[in-house]
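Each reported figure results from applying straightforward, stated rules to the coordinates on display, with no laboratory input. This one's a predicted model, so the numbers in the text were calculated from it and none came from an experiment. Glycine gets a Cβ as well: all are built from the backbone with ideal geometry, and neighbour counts include every protein chain shown.
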Amino acid sequence: MMGANWQLFTGFAFFVIMVLIAGLYCILVTRNLMRVIIGLELLTKAVTLLIIVAGYVTGQTALAQSLVITLIIIEVVVIAVAAGVILSIYRHNESLAASNLTSLKG
C-alpha cells in the first residue's frame, strides 16, 4: 500500500478504531440491555466499514461487497432475535437491567 491508498486506509482505520472503542464501551460499562444491543450494532458497523475500506485499498471491491452483504444479513437476524429476547425479558421483569436476570429460575 503506497501513497494515497495508505493515507485513505489510515484515516478510516482511525475512525474504525474509535467506533470499535465506543461499541466496546457500550457493551462493557452499561447494564441496560438495549444499550448492549446498540454497542453490538456499533461493533458490527465498524467491522463493515473496515471490510469495505480494505476491499477498496486492495482492489477487491466485489469480494468486500459480498462479505458486507452477508455480514448485514447475519447482523439483522442476530439483532431481531436479541430484540425479541429483550422484549420478553422486559415483559417478565418490567425492567431492562441485566442485574435483574439473576432472579429468573428454570
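Most tightly packed first, judged by the mean number of other beta-carbon atoms within 10 Å of their residues, the peptides 63-74, 92-103 read 63-74, 92-103. The length gained by stretching the chain between TYR25 and ALA62 to full extension, at 0.36 nm per residue less their Cα-Cα distance, is 10.1 nm. Charge dipole (Cα centre; +1 on Lys/Arg Cβ, -1 on Asp/Glu Cβ; no other charges) of the chain amounts to roughly 240 debye. Per residue, the chain reaches -29000 deg cm²/dmol at 222 nm when only DSSP H runs of four or more residues are counted, each adding -39500 (n - 2.57).
At q = 0.09, 0.11, 0.22 Å⁻¹ the log10 of I(q)/I(0) for the chain amounts to -0.33, -0.47, -1.12, computed by Debye summation with a single uniform scatterer per C-alpha, solvent ignored.
Taking packing as the residue-averaged number of other Cβ atoms within 10 angstrom, the listed peptides 37-43, 27-33 run from highest to lowest as 37-43, 27-33. Taking the number of Cβ atoms within 10 Å of each Cβ as an exposure proxy, the fewest-first ranking of ILE17, ILE86 is ILE17, ILE86.
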